[in-house]
Each structure stands twice: as C-alpha cells, then as structure tokens.
1. For Val61, list long-range residues whose amide hydrogen, built 1.01 Å from N in the peptide plane, is under 5 Å from its own amide hydrogen.
2. State the answer as a single residue: which of Ser54, Ala69, Val88 lies farthest towards the positive end of the charge dipole of the range 41-89, with beta carbon charges of +1 for Lys and Arg and -1 for Asp and Glu, about the Cα centre.
3. Using the Kirkwood formula on the Cα atoms of the chain, what hydrodynamic radius do you get, in angstrom to one decimal?
4. Counting only Cα, what are the radius of gyration and maximum Cα-Cα distance Dmax of the range 53-168, in Å?
5. Under a point-charge model restricted to the Cβ atoms of Lys and Arg (+1) and Asp and Glu (-1), what is the dipole moment magnitude of the range 1-81 relative to its Cα centre, in debye to the nearest 20?
6. Over 10 Å intervals from 0, what percent of Cα-Cα pairs in the range 81-128 sits in each interval?
7. Please report, in debye to the nearest 20, how large the charge dipole of the range 10-149 is about its Cα centre when each Lys and Arg carries +1 at its beta carbon and each Asp and Glu carries -1 there.
8. What net charge is computed for the residues neighbouring Gly138, neighbours being all others with C-beta under 15 Å from the C-beta of Gly138, Lys and Arg scored +1, Asp and Glu -1?
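Every number here is computed from the coordinates shown, using simple stated rules; none is lab data. A quick note: this is a predicted structure, and the numbers were derived from the prediction, not measured. A quick note on method: Cβ atoms are made from the backbone with ideal geometry, for glycine too, and the neighbour counts reach across all protein chains shown.
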Amino acid sequence: KGLMTGKRGLIMGVANDRSIAWGIAKAVAAQGGEMAFTYQGEALERRVKPLAASIGADIVVPCDVTDDASIDATFATLKQRWGSLDFVVHAIAFSDKDELKGKYVDTTRGNFARTLDISCFSFAAVAKRAKDMMPNGGSLVTLTYLGAERVMPHYNVMGVAKAALECSVRYLAADLGDQGIRVNSISAGPIKTLAASGIGDFRQILRWNELNAPLARNVTIEDVGGAGLYFVSDLSKGVTGELHHVDAGYNVVG
Ligand code: 0WD
C-alpha cells in the first residue's frame with residue numbers, strides 16, 4: 001500500500017514529459033495515487049494523453065485557465081467521475097516571451113494583466129472550485145520561482161506574478177484552513193522545460209545555479225516530484241501557507 005493509495009487528484013500544467021507537473025505525477029503514481037490531467041490546446045493533448053495512459057489515468061480534459069467556463073467544465077467532469085477530490089497540483093504560468101527579456105520597466109499593461117491572470121489568479125480560481133469537492137479536506141500545491149523574492153535577470157513581470165502567487169498561497173491557506181484544506185508552494189530551481197525556454201539567457205541561469213548552489217548541481221523534475229508528493233500526501237498534514245525551496249540550496253547563497 002502506497003502513501004497515496006485511495007487519494008485522487010488533479011494535475012494541471014503537463015505540457016510534455018519534461019514538465020515539472022509530470023515529475024510530481026510520476027512520484028504520486030508510484031505511491032498509488034489516482035490522477036486526472038488537464039491540457040491546454042490540441043497540440044498538448046497529443047502529448048498529455050499518452051503520458052496519462054502510461055500511469056493508468058483516463059480522465060484527460062482540456063482547460064484554459066483564462067476562461068471560467070473552461071475551469072467549471074473541468075471540475076464538473078471530476079464531480080461526475082469521482083464526486084470528491086483530495087489534491088490539486090497547479091503548474092501553470094504564462095507571459096509574452098518578448099517581455100521575458102529586457103527590462104521590467106517596459107512591461108505593457110496588456111501582458112501584465114494576462115501574466116497575472118494566468119500565473120496567479122488562476123490558482124485562486126481553481127481553489128474556489130476545488131474546495132467544494134473536498135469534504136474531507138485536501139491539499140493544493142502551486143509552483144513558483146526565486147524571481148518572486150529577488151530580482152533575477154529577465155524574469156521581469158513573471159517575478160511580480162510569482163510574488164502575487166506566493167502571497168495568494170498565504171491568503172488561501174488562511175481562507176481554507178478551517179475546511180482542512182492545505183495550500184502550499186514549491187519554489188523550484190531552474191529546469192529546462194518548454195516554459196523555461198521562453199526566458200532570455202536561460203542556459204546561463206542554469207549554469208550559474210549549478211556553479212553556485214550548495215549541492216553544486218541543478219534540480220530535476222524528480223527532485224521537485226518528491227516535494228510535490230510530500231505536499232499532496234499526509235506526510236505534510238501539519239503544513240500550510242508554506243513556501244518550500246527545491247533548488248539545490250541556491251536561495252541561501254545566491
Ligand atoms: O525552471 C523552471 N522550469 C521553473 C518553473 C522554475 C520554477 C517554477 N516553475 C514553474 C512555472 O512558472 C510554472 O508555474 O513551474 C510551473 C510549470 O512549468 P514548467 O514545468 O517549467 O513548464 P511547462 O512544461 O511548459 O508547463 C507549463 C504549462 C504550459 O505549457 P506551455 O509551455 O505551453 O506554456 O502551463 C500551461 C501549459 O500547458 N498553461 C496553461 N494551462 C491552462 N491555461 C495556460 C492556460 N491559459 N497557459 C499555460
């Protein structure tokens with residue numbers, strides 16, 4: 001019997017087998033957890049469906065978090081298939097590539113709003129639906145980055161969105177604690193994923209972290225998967241509102 005046997009959760013933000021969300025899904029599956037997946041757009045559907053099938057998951061639904069009706073439809077499907085839910089992993093972020101280079105001072109109003117909508121508000125929007133399906137409590141986890149806490153080159157408006165997301169985690173933890181729902185974030189070190197490829201000079205950031213992190217290496221999606229498993233399982237049942245770094249220790253020195 002695994003740590004996650006009997007638990008059911010939603011994984012949002014798998015784009016391919018290099019996605020951080022997939023690292024968490026693999027760790028949860030290895031402990032007997034059952035999962036549903038959302039994907040954004042048809043191109044990603046072709047990638048996510050086989051991954052889900054490889055761990056025996058058959059609920060794979062489209063969800064664009066900029067659209068309330070799309071989020072509602074996702075949770076309606078889960079309600080119909082499962083009735084209740086134990087955890088949600090939110091691993092979604094977006095900003096215009098043109099503004100993930102150059103200066104933050106040049107951020108446009110339109111991309112600011114879109115970045116904050118997809119990368120921050122969506123977590124609250126998901127929490128609002130998920131809580132109504134968690135009669136026995138639950139766990140909500142999101143992904144963030146050190147660029148929220150310090151100025152990191154090129155992270156710009158995404159750093160501002162992640163700061164808002166980290167603050168949202170604290171407010172959501174306070175809102176939902178009385179229902180036994182925990183809300184936490186994992187601040188991952190840089191990992192080469194589809195989303196990361198949009199960030200200017202990402203290779204240099206990877207190299208810098210490897211050279212300076214206490215563990216003298218970069219982290220993997222399996223490293224983040226271990227922390228994700230901790231947060232969605234009962235191992236972390238006394239933990240909420242937390243920001244947990246999985247970055248080979250970079251944040252203590254960098
Ligand atoms: O170094 C990194 N890769 C780090 C990532 C370090 C620290 C944190 N993170 C965060 C990201 O900011 C994000 O919140 O981890 C989370 C997962 O990102 P990832 O695993 O690096 O990226 P990826 O595999 O690309 O998955 C993110 C997915 C999108 O993929 P693309 O590349 O197509 O943007 O987020 C999804 C989409 O599948 N996404 C959306 N989903 C629903 N509705 C939307 C949307 N509107 N926009 C993006």
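1. Phe37, Thr38, Tyr39
2. Ser54
3. The Cα-based Kirkwood calculation yields 18.2 Å.
4. Over the range 53-168's Cα set, Rg and Dmax evaluate to 16.0, 47 Å.
5. Here the size comes out at about 480 debye.
6. Once binned at 10 Å, the Cα pair distances of the range 81-128 give 22, 41, 22, 11, 4.
7. Computed charge dipole of the range 10-149: roughly 180 debye.
8. Residues near Gly138 contribute +2 overall.
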